[in-house]
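The values are calculated or read from the model by the stated rules, or taken from the named source; none is laboratory data. Keep in mind it's a predicted model, so treat the numbers as computed, not measured. Reconstructed Cβ throughout: ideal geometry from the backbone, glycine too, with neighbour counts over all protein chains shown. Surface areas here come from the heavy atoms of the whole protein model, side chains and all, with no ligands, DNA or RNA. Shrake-Rupley method; radii C 1.70, N 1.55, O 1.52, S 1.80 Å.
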Amino acid sequence: MTTFAPLAARTPARMTAKGFRTLTATQARLLLRAPAALIWLAFPLLMLIVFGSIPGFRTATDDLGGRSVLDVYVPTIAAMVPLFLGCTALPMTMADHREKGFLRRLSVSPVPAAGMLAALLTVIAALAAAGIAVITAVGSLAYHVKAPANAGAVAASFLLGSTAVFALGLVAAALARTSGAASGMGVPLMVLNFFFSGLYVPLAELPRILQRISEYVPFGAVMAAWDGRGALWQHLAVLAAYTVLGGVLAARLFRWE
């Protein structure tokens, strides 16, 4: 029978740059091999094209403050990419690795846990950045969607919003023993962020109290920064807090099995 040495008894593993690149490439192949990967990346773009093909959605109205429906929805559609990846792909991939014993084998290999997590996060972050860039570029170039007043603030909020949901996804990944359990934790978190990012109902049409609550939900805070509502520092502080607390909690809860 194969036995596994206690982690504390082993010499701390170190990963070389070449090993990290190899592990990152492996994680990318495993992730993109799953059919769901195409949905994570293609669905938001398809949704943008469908919305953009509706003439009425490209017409500015007074009800939306001189903006079109498409102006309002492009940031929400862009937010779908990191939310899909952070709330479902990340925890489900980790749980799948745990179910198949991949994490157990890694625990007795020279690959450190931090290196494996960093490789997966690198792939997820690269896909999220590429997805957001494609959505905003198509919205701007093909449908002439208005750019936000403060592009730098919006970029910072999207970056922090993505790290916030990735950190929460890591908490789910640390707790879930199976991919089904990971889905059960990640999907409600994703739906909550969809709601407060205005996917189901434009934020401007929500009651005032829900608009205020949205500023304390990761992608509700991102949308507030995009729209210029409230104090920017407050939105960035909320997102940074989710990132730090989620990361610390995930590190404390993570188990190989």
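What accessible area per residue comes out for segment 50-108, rounded to a whole number of Å², with a 1.4 Å probe? Please list the in-between numbers first.
Details: 2220 Å² over 59 residues.
Result: 38 Å² per residue.
Calculate, for segment 121-214, the solvent-accessible area per residue in square angstrom, rolling a 1.4 angstrom probe over the heavy atoms of the protein chains.
Values: 4280 Å² over 94 residues.
On a per-residue basis, segment 121-214 sits at 46 Å².
Could you state how much accessible area T59 has, in square angstrom rounded to the nearest 10, with a 1.4 Å probe and all protein chains kept in place?
The value for T59 is about 80 Å².
If you fit an axis through the alpha-carbon atoms of helix 17-33 and take the longest principal axis of the Cα set of the chain, what angle between them do you get, 0 to 90°, nearest 10?
60
F195 accessible area, nearest 10 Å², 1.4 Å probe?
My reading of the accessible area for F195 is about 60 Å².
Of M116, A224, L170, which is farthest towards the positive pole of the chain's charge dipole, taken about the Cα centre with +1 and -1 on the beta-carbons of Lys, Arg and Asp, Glu respectively?
M116
Please give the charge dipole size of the chain, origin at the Cα centre, charges +1 on K and R Cβ atoms and -1 on D and E Cβ atoms. Round to the nearest 20 debye. It would help to have the intermediate numbers written out before the result.
Values: 19 positive and 9 negative charges, 223 e Å.
Dipole magnitude for the chain comes out near 1080 debye.
Residue by residue through segment 132-144, which ³J(HN,Hα) values in whole Hz follow from phi under the Karplus form 6.51 cos²θ - 1.76 cosθ + 1.60 (θ = phi - 60°), with glycine and proline marked x?
5, 4, 5, 4, 5, 5, 5, x, 6, 7, 8, 10, 6
Pop out the ³J(HN,Hα) list for segment 69-80 in order, Karplus 6.51 cos²θ - 1.76 cosθ + 1.60 with θ = phi - 60°, rounded to Hz; leave Gly and Pro as x.
4, 5, 4, 6, 8, 4, x, 5, 5, 4, 5, 4
What do you get for the angle between helix 179-196 and the principal long axis of the chain? Use alpha-carbon atoms, 0 to 90 degrees, nearest ten.
That works out to roughly 20 degrees.
Keeping every protein chain in place, order F51, F166 by accessible area at 1.4 Å, biggest value first, i.e. largest first. Show your work: numbers first, answer last.
Values: F51 40, F166 20 Å².
Heavy-atom accessible area, descending, gives F51, F166.
Quick one: net charge of L127's neighbours, Cβ under 15 Å, K/R +1, D/E -1? Present the calculation step by step, with values, prior to reporting the outcome.
On the way: positive: R29, R33; negative: none.
After counting each charged neighbour, the total is +2.
In degrees between 0 and 90, to the nearest 10, how far off the longest principal axis of the chain does helix 35-52 point, with axes built from Cα atoms?
On a 0 to 90 degree scale, this one is about 10.
Leaving ligands, DNA and RNA out of it, report the carbon-plus-sulfur percent of the accessible area of the chain at a 1.4 Å probe. Write out the running numbers ahead of the final one.
Numbers: 8720 of 12700 Å².
About 69 percent, which is the carbon plus sulfur part of the accessible surface.
Out of residues 5 or more away from T61 or on other chains, whose amide H comes under 5 Å of its own, with H placed 1.01 Å from N in the peptide plane?
Residues meeting the criterion, in which the H sits 1.01 Å from N, are G66, R67, S68.
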